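Have a look at the structure below before the remarks.
The values are calculated or read from the model by the stated rules, or taken from the named source; none is laboratory data. Since the structure is predicted, the reported quantities are computational estimates derived from the model, not experimental observations. Cβ atoms come from the backbone with ideal geometry, glycine included; neighbour counts cover every protein chain shown.
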Amino acid sequence: MTDAPRPSASPSFMYAASRVFELSIGEMLWSRRTVFMGLVVGFPVLAAIVLRLLSSLGVAPITVNNHGVDGPVIFGLMIWIFFVRISVPVLGVFYGTSLIADEVEDKTITYLFSRPIPRGAVLVGKYLAYLACTTFVILPAVVIVWLLMIPMGGSLGASFIDLTKDLVLLAIGLAVYGALFALAGAALKRPLLSGLVFVLGWEQIAMILPGYLRQLTVAHYLQGMVPHAMPSNTPLSLIQGMFREVPSLSESLISLGLIMVVSLWLAARTVTRKEYVLEQ
Amino acid sequence: MTRGIRYFLTGSALVVFLGLGTGLIAYYNGGLPIGPRAANGDLTFVPADASAVAFADVRAIMASDFRQKLRQVLPTGEELAKFRDELGVDIERDIDTVTAAYLGGQSAPEGGVVIVRGRFNTAQIETLATQHGAVAEDYKGMRLLSMATGDTTATHHAVATVAFLNAGSLALGEASAVKKAIDANASGDDVRKNAEMMNLINDVTSTGNAWVVGRFDAMTNQAGVPAEIMNHLPPVNLFAASVHVNGGLNGMVRAEARDDKAAEQLRDVVRGALAAGKLMTGQNPKMDAMLNSLQITGSGKTVGLTFALPSELLELLNGVAAAHQLGNGTGGVIHK
């Protein structure tokens, strides 16, 4: 005879979050957003395959004044341009802001909140589902790009440590951006617009301004940990490089950790306290 | 969690673990000094504690289009003809490779040894050297020709030495440096035992037909770089540079900084210098092309800079040289 849980006992926060996680990850993976994520992450993989094919045919895929650029350099540029600057913040915005906003928009939040579970656990469970969904797509893509690009004039062994750094910092970036935009999704009426303005507007401007404003961005701490040389291919990148101040590793990790924990706590608190009015 | 989600998560994790596993195996295998690409026999004459090692594939460089264009810019020089007539050595044809090592401590000429590989008339060299006062001796089975240079009355005056190492190979340098090179070869305590230096050498040998690697502090001390400049440079442990000479000149300079932060500072310094250079070149398309070819590379503690000197720039230099000769009225032949 087994002990069935008493119907009156409300589950713990973590148990509730894990149940929401299981429910949400399926919804997230098999949704229209996954197609978008596939495009964002699939493009660098496709680019890497094309470059590798060109290289195997004896054609230097990228040349600068007839001088072929090596695979490790191209991989570093791809990490910067495709992943650190585009994929991570954009996926953070699209997924993070939708964690609660989608439920409000679909008018299904009432069903979640009517369950005998803490409201904060709903957000945390959905956040964990977002994190699993995005990291399990981004990280394999980075590994595939690495395996394709590095052998073009480089050594897998020599760049292995940098790969592990890349994987860790991308996972951290997804966690931090996701938490920040989960807060935006819980607190703001038009979170997607605000998120895009933050990522594509504020962070870009603050990063090229000399002074302390950049410390109010996630990119400042995240980009400080990238082990590859920052590209200087555009005037914006050149200016950014000239005024760049790299925070120490501990400063970056502490700042990103603080942003993530505080954002997630505030988001859970907002969800617990806020009365969501469903438009009819 | 449905079966599809489990398959997806397992598949993704598998890709990451396979990649990391491959990298880990490559990392440990790559760290071992096995199968060095720089299987250069002359490295056996470079002592293990050498501060810097340089190599040039003279034959490839002399045969390159770049060299042909450079000949149009630079005068041929009577010294080269004199060298050929007296020693029987035509630098352009008889020398294959040059390997040089700076052993540290003393000034560069005295603390350096140069190993030249090629085709030499040893009898002619020895005869000429002894006619000029050189003393012949044998040292560990190798023939040495030594001649005091500079102030011979001083207590520690320099002794220039030529050693015939083996068939087609000779060493040049100060007597103590040449003997140290022979000792390294005899004892096997050569630079191939220096894993740090060999890692650098293995990295650069495939990137160009001339290269240099070494400890940054030893080289800057020797070069007499002012302390004011050194104080403003981020700490750098090792450096490497290589060029591939062909139609043009492609190359790279690499520095191993003390840590990631120092590397990032160094990248910022280089980036700033490039930006300043681009501002100063203005609308000069040739210089602009050269500056655009400069690319900052590297990751972690490594800072790299690749560059390309296009053949068009050499033609531009040739034109400038020709115009200069006309202006001076030297009547030199303009090669074109």
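Considering only residues in region A:115-156 that are within 11 Å of another protein chain (Cβ to nearest Cβ), over 21 Å from the mean Cα position of the chain (by Cα) and crowded, with 20+ Cβ neighbours inside 10 Å, the one that is modelled with the lowest pLDDT turns out to be A:L156.
Looking only at region B:264-280, residues that are more than 10 Å from every other protein chain (Cβ to nearest Cβ) and without any contact (Cβ under 8 Å) to a residue 24 or more places away in the chain come to 4 in all. Listed by position, the helices (runs of 4 or more DSSP H) inside region A:42-138 whose residues that are closer than 24 Å to A:A179 by Cβ number at least 1 are A:88-96, A:98-105, A:109-113.
Yes or no, residue by residue, for (1) small (G, A, S); (2) modelled with pLDDT of 90 or more:
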{"site": "B:G11", "(1), (2)": "yes, yes"}
{"site": "B:F17", "(1), (2)": "no, yes"}
{"site": "B:I25", "(1), (2)": "no, no"}
{"site": "B:A38", "(1), (2)": "yes, no"}
{"site": "B:G41", "(1), (2)": "yes, no"}
{"site": "B:F45", "(1), (2)": "no, no"}
{"site": "B:A48", "(1), (2)": "yes, no"}
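Quick check: is even one residue across region A:17-33 under 26 Å from A:D166 (Cβ atoms) and hydroxyl-bearing (S, T, Y)? No, every residue in region A:17-33 fails to be under 26 Å from A:D166 (Cβ atoms) and hydroxyl-bearing (S, T, Y).
Taking the criterion of being within 12 Å of another protein chain (Cβ to nearest Cβ), touching a residue at least 24 places away in the same chain (Cβ under 8 Å) and farther than 17 Å from A:L249 by Cα, the only residue of region A:159-178 that qualifies is A:S159. Kindly check whether there is at least one residue in region B:175-195 that is in a loop (DSSP other than H, G, I, E, B), at pLDDT below 85 and within 30 Å of B:G298 (Cα to Cα). Yes, some residue in region B:175-195 is in a loop (DSSP other than H, G, I, E, B), at pLDDT below 85 and within 30 Å of B:G298 (Cα to Cα). Scanning region A:157-190 for residues that are part of a helix (DSSP H, G or I), surrounded by fewer than 24 Cβ atoms within 10 Å (Cβ to Cβ) and not aliphatic (A, V, I, L, M) yields a total of 4. Filtering region B:128-145 to residues that are under 17 Å from B:E174 (Cβ atoms), surrounded by 15 or more Cβ atoms within 10 Å (Cβ to Cβ) and hydrophobic (A, V, I, L, M, F, W, C) leaves B:A129, B:A134, B:M142, B:L144, B:L145.
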